[in-house]
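Accompanying notes for the structure given below.
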Amino acid sequence: MEKLLAIAKANSDKVEIFSLEQTINLVKFENSKLKNIECKVQSGISLRLIKDGKLGFSYTKNLINREELLQNALDSLKGGVEATFDFPHTKDLPRLSTYDPSIENISNKNFVDECNRVCKKLSSKTKGQINVSAGSAIDKLRIINSSGTDVLLSTSNYFFHNTILYPNSYAAIHRMLYLKKFEKSPDEYLHFVLDTYNRSLKKVNPKAGKMKVLFMPETMYVLMWRLLSATSGKDVYQKQSPMAEKIGEKIFDAKITIYDDPLNDKMPNARSFDDEGMPCRYLPIIEKGRLKNFYYDLHYSKKMNTKPTGHGYKSAMWGGDTVFLKPIPSLEHLHIKPGTKSFSELIKLMDKGIVVAGALGAHSGNIQNGDFSIGLSPGLYVDNGEIVGHVKDAMIAGNIYNAMKNVIDIEDTCYPVSAGTFPAIIFDNISVATRK
Amino acid sequence: MFDLLKSMLSKTDSKYADLRYEIKKEIKIIFNGKELTQIGSNLTDGYVLRILKNGGLSSVAFTKGIDAEKAIRTAEMNAVLVSENIEEPIQFAKADVVKDTFSPKLEEDPRRISIDEKLELTRKYNNLPLKYEKIATTNIGYMEVIREKYFVNTEGSEIREDLITTRINGLITSRDGNLIQNVRAGTGGSNGFAILRNAQEEFEKKTSIALQLLKAKPVEAGVHNVILNPSLAGVFTHEAFGHFSEADLIEDNPTMRKKMKINAKLGSDILSIIDDPTMPNQLGFYKYDDEGVMARPTQLLKNGVLVGRLHSRRSAAAFREQLSGHCIAQDYRYAPIIRMGNIYIEPDTNTFDDLLATMGNGLYILDAKGGQTSGENFTFGAQYGYIVKNSKLDEMVRDINMSGNLYKTLQNIAVIGSDLVLSKIGGCGKGQLNIRSCHGAPHVFIKNVIIGGV
C-alpha cells in the first residue's frame, strides 16, 4: 500500500488508498436440517486521487499490477468528475473495542452444533418450519492518504438468525442475534420468536380501514429508509428531500429521538473513522421530534458548504462489494431511543390493530416523499390486547411524516436489525387494505 | 488458464469438484443531475471452488490464486462437516462433459467503443429531462459488465464463456412544492452496444410521465380489476410465480413443495409460462450456466398446470427431475444458485382493446417499481396508471402498489394479450444480484387485485 501511495503521489496532487480484507463463514439450516456451509475470503483495494481539481477512482481485488490500478484512476480523471474536497488528516482517534480474538477459535462445527441445538429446542414446541443460520465475519480495514492519515480497524462479528415460517410461504417471525463474539442464543431470545409465532398461528382476515399499527424492530427499516433518504446530505443537495428547509422544526411526535452512534462499542461494528478516514461522532437526527441534522460525507458537505459529519461510507442500498463503491453519505449506526413499555405491554395497550412482523416491497413506492405501501408478510392481528392470529393477503400504506406524528408508544428495548438498532413502535391511524 | 485451474483442482481427491475463475471488467458512468459523479473502468477477478465430498457440498470464494490449496482444504472440511450432519447425502444429477468456448454475437462490441463516446451518449440522455424546470434531478448512468468466465470440473468439463451486459438507465425525479415523484427510465441488453443508441424517445417519454405524475391523484386503496402492461406483468411472472419455480427455494419448505407439485393446476386455463435462457438477443441469454450445464428452454406452466421447474444439479437429483441449466452466480464472489433466465407469459391472440373491453371498469397500471415475494404472497409497485371507465382510459393515478396471493392471482388471470415484450434491464436480488434477470409478458387482465394506495 505504501508503494502504491508513493507512485500515485508522484502522478497526482492528493491520494487515498482504502484496503479491506474479509473472511466470512456462514452455516444455513432449512427446515431444521443443515443446508449449506459457505466461506468467503475476499480482499480488495480502491484508490482515489485528486489532480487539478478532478477526482479519479479505481479498484481491484488483486493488487498484482499497481501501475494498472493507478492508470485506471488517472484515466477516470479525464471524465472531469469534480473534486471539491481534500482528504483529511486524522489522528488521535478514540480506541474502540471492535475485535474479540475468541472469534478465531470458533469453527463452523460450533455454528452447526448451535444451529442443531436451537432447532431441537424449538421443534419440540412448535409445528412451524424452523430456519436458522449462524456465521461470522472478520474484517481488516486500513485507510491511508497523502494528508498523513493511516488508520486501521479490525472487527469481529457473530450473527445468528432464528426464523419460524408460516405454512405455504416464507412469511415468518424472525429475530437476529448480533455480537462481537460467539455466544449461545439466550432462552428469552428463542422464546420470543416461538411465543409470537405460536400465538399467531391462526389465519385471520380483518376488515380494512384505519387502525393502530405496530412496527416490529425487524420492519422499522421500512420507515427508516424514508427518513434516511430525506436527511442524507446527498438528497438535500439534489433537492429531492422534503425536509430540506426544516432543520429545527418539529416534524415528528416528541416521543421520537433518532441518532447515529458509531462510537458505541458495546455493539459490533463500532467505528472511530468512516470510509473516508474522517473521525466518527454521535449525531442526533431527530431529537424529541425535532429535525436536528443532516448527515454528510466529504463531497456533499463541501457542496452544501457545511462541515462533514464523518458519514462517508462505501455502501449501497443493495449491498455490493465495499471496495468497488464510492463513498456516499450513510448512517451505519442508527438508533431509535427506546420507550418504557415491554412488548407485551405494548400489545395490551394497542387493544386492536395490526403488528407488521414482515414487510414486502419496502423498496417500491415514493421513498423520497416518505410514502410507504407494503404487503404484510405477515401481519399479526391484535384483538382485546392479545395477538390472535396472522394476516397475509393485505397491505398497509401511509407517509412517515404523518405516521411519525401519531406515535402511541415505544418499546423499552432495542434490537439489532437491518438498518439499525430499533425498538417496536405503535402508530395510530394507519390505512390497512384487506379483502374484507 | 484451464491448465492452471486443473492443476489447482488436482489437489483434491473428493468425488466432485469444480472451479470457476472470472475476470470482470466494469465501466460505470454516473450522473446526479447535471453533475458527473463517477466515471471509470476497472478490472477485478476471483475464484469460486465447490467440493462434493462424502455426500456433503460446500463452497469457498477466494481472491488470491495462492490461496487455492487452503481453499480446497477448507471446502473439503466443510463438505465433510455437512455430510456428517445430514441424513440424505447430496447428489448431483448427471450432466454432459462439455469442452467449449463461447462468445455471444454482438451488435457493436462495447469493448471497441471509447469511454468518451459512452460518456457523451449518457450525458445526452441525462440532459433530456433536465431541460424541464420541474425535473428536480436525475440519477442516470451507464453500466457495462463483462464477465470472462473459465469453468472446469473434475468430470473433465472446460468451458469458457463471456457475458456482456450494457445499459443506460436511472431515475428521473420531478418536484412541485413538497410533492416529489420519480420514474425509472432506461434501455440495455446482452447483445452489444447498439441497443443503447436511439433511446431518446424512452427518456423523453419517461420525463413526460414524471411531469404528469405531479398532477396525478393517488390511487384509491381497495380491491380492483386491473390490466398490467407487459413490463409489470413480467415482474409479476418473475416475482410471484417464477421464484417458486426455482427448486432451491422450495426444496426444504415442505408446505410450499406440496403446493408446487408437478401436475398441480395452479393457474387459469389460458396461462402458460416458460423460461428460456437460449433466446438469442434477450437480456437473460446464456449458453452454459455456472455449473457448466447447457441451458435449455423449460416449460413451467402449461394451460395452468405446473409441468416443470428450474434446477441446479443438486436440486435436479433431489427432485428426480430433468436438468435445466439455471444455476447462476452474480460473479466470482458467489457460488451459483438457481435463477431465472428469460421468463415470460406466452402470448394469446387478444389486442389491448379486447382487454379494455372485457374489463370495462378498473385500473390500467404500468411499469414496475420493485417487487418482492414471500411464497404465496407478493407485493410490487407500479410507476403510474390510469383509471379505466367504460373500457376507456381516464385520468392518471400515482402511488400504486399491488399485493396478492399467488395461487388466487394465477387463477384470476382472465385475458392475455398478444403483445409480448421482454425486459431490457434486470436486477433480481436473491441473496446475490442478477443484472441479466429478464422477464416479459403481453398485456394481462387480472381480476380482484389488492391495491395499497397511500
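A few comments on the model shown:
- Net charge of neighbours whose Cβ lies under 9 Å from the Cβ of B:M340, counting Lys and Arg as +1 and Asp and Glu as -1: -1
- Qualifying trypsin sites (Lys or Arg not before Pro) for region B:303-387 [loop in DSSP, other Cβ within 10 Å: at most 15]: B:R320
- Low-density loop positions, GluC sites (Glu not before Pro), region B:100-183 - DSSP coil, at most 12 other Cβ in 10 Å: B:E107, B:E133
- Label-point gap, in nm, between A:N105 and A:K203 - each point 7 angstrom along Cα→Cβ: 5.0 nm
- Which listed pairs, of A:K246/A:K303; A:K33/B:K287; A:K392/B:K430, have C-alpha distances above 27 Å, in listed order: A:K33/B:K287
- Remark: region A:1-108 carries 45 Å² of accessible area per residue (probe radius 1.4 Å; ligands, DNA and RNA excluded).
- Net charge in the neighbourhood of A:D261 (other residues with Cβ under 11 Å of its Cβ; Lys, Arg +1, Asp, Glu -1) is +1.
- When each of B:K217/B:K447; A:K125/A:K352; A:K337/B:K215; A:K181/A:K234 is checked by Cα-Cα distance, pairs over 30 Å: A:K337/B:K215; A:K181/A:K234
- Debye, to nearest 20: dipole size of region B:2-215, +1 on Lys, Arg Cβ, -1 on Asp, Glu Cβ: 700 debye
- √(5λ) per eigenvalue of the Cα gyration tensor, region B:218-451, largest first, Å: 30, 18, 16
- The order of the peptides B:72-85, B:263-276 by mean Cβ neighbours within 10 Å, most packed first, is B:72-85, B:263-276.
- Buried accessible surface for the A/B chain pair comes to about 6600 Å², total over both chains, computed with a 1.4 Å probe.
- Those residues of region A:56-95 for which accessible area with every protein chain present is at least 40 Å² below the isolated value (1.4 Å probe): A:Y59, A:K61, A:N62, A:N72, A:G79, A:V81
- Per-residue average of Cβ from other chains inside 10 Å of B:379-385: 4
- Across chain A, the mean sequence separation of Cα contacts (distance under 8 Å, 6 or more residues apart), normalised by length, yields a relative contact order of 16 percent.
- Cα gyration tensor shape of region A:301-436, rounded if a/c is under 1.5, else prolate or oblate by comparing a/b with b/c: prolate
- For chain B, calculated [θ]222 nm from helices alone, where every DSSP H run of n ≥ 4 adds -39500 (n - 2.57): -6000 deg cm²/dmol
- Convex hull (Cα only) mean projected area of region A:202-436, reported in nm² to one decimal: 12.5 nm²
- Cα-based helix-to-principal-axis angle, A:221-231 vs chain A, degrees rounded to 10: 40 degrees
- Sulfur and carbon atoms: percent of accessible area, chain B [1.4 Å]: 48 percent
- Value of D in µm² per second that Stokes-Einstein yields for the protein assembly as shown, Kirkwood Rh from Cα pairs, at 37 °C (0.692 mPa s): 117 µm²/s
- Relative contact order, percent, region B:218-451 [alpha-carbon distance under 8 Å, six or more residues apart]: 31 percent
- Counting charges near A:S169 (Lys, Arg +1; Asp, Glu -1) among other residues having Cβ under 13 Å from its Cβ returns a value of +3.
- Note on A:K78/B:K131: beta-carbon distance plugged into 1/(1 + (r/R0)^6) with R0 of 25 Å gives a FRET efficiency of 0.45.
- Between helix B:115-130 and chain B: long-axis angle, C-alpha atoms, 0 to 90°, nearest 10: 30 degrees
- Relative contact order of region A:2-196, pairs being alpha-carbon contacts under 8 Å that are 6 or more residues apart, as %: 22 percent
- 1.4 Å probe accessible area per residue over region B:2-215, in Å²: 41 Å²
- Sites B:K124 and A:S124 - FRET efficiency at Förster radius 60 Å, r taken between beta-carbons, to 0.05: 0.40
- Ordering B:296-303, A:377-384 by mean Cβ neighbour count within 10 Å, with the highest value first, yields A:377-384, B:296-303.
- The angle separating the long axis of helix A:2-11 from the principal Cα axis of greatest extent in chain A is about 60 degrees.
- Distance histogram for chain B (every C-alpha pair counted, 10 angstrom bins, percent rounded to whole numbers): 4, 20, 27, 25, 16, 6, 1, 0
- Compared with its chain on its own, region B:57-80 contains the following residues whose accessible area drops by 30 Å² or more in the full protein assembly (probe 1.4 Å; ligands, DNA and RNA excluded): B:S59, B:A61, B:T63, B:K64, B:N78.
- The spread of Cα positions in region B:2-215, taken along each principal axis and listed from longest to shortest, comes to 67, 39, 31 Å.
- Carbon and sulfur %, accessible surface of chain A computed with the full protein complex present, 1.4 Å: 49 percent
- Cross-link reach list, aspartates and glutamates versus A:K54, counting only Cα pairs under 12 Å and skipping chain neighbours closer than eight places: A:D13, A:D75, A:E82, A:D86
- Burial annotation for region A:36-53: residues with an accessible-area loss of at least 30 Å² between the isolated chain and the complete set of protein chains, computed on heavy atoms with a 1.4 Å probe, are A:I37, A:E38, A:C39, A:K40, A:V41, A:Q42, A:S43.
- When you filter the trypsin sites (Lys or Arg not before Pro) in region A:46-122 for DSSP loop state and at most 12 other Cβ atoms inside 10 Å of their Cβ, you are left with A:K91, A:R95.
The values are calculated or read from the model by the stated rules, or taken from the named source; none is laboratory data. None of these values were measured; they are calculated from a predicted model. FYI the Cβ positions are ideal-geometry reconstructions off the backbone, even for glycines, and counts take in every protein chain you see. Accessible surface is based on the protein model in full, side chains and every heavy atom, while ligands, DNA and RNA are left aside. Shrake-Rupley method; radii C 1.70, N 1.55, O 1.52, S 1.80 Å.
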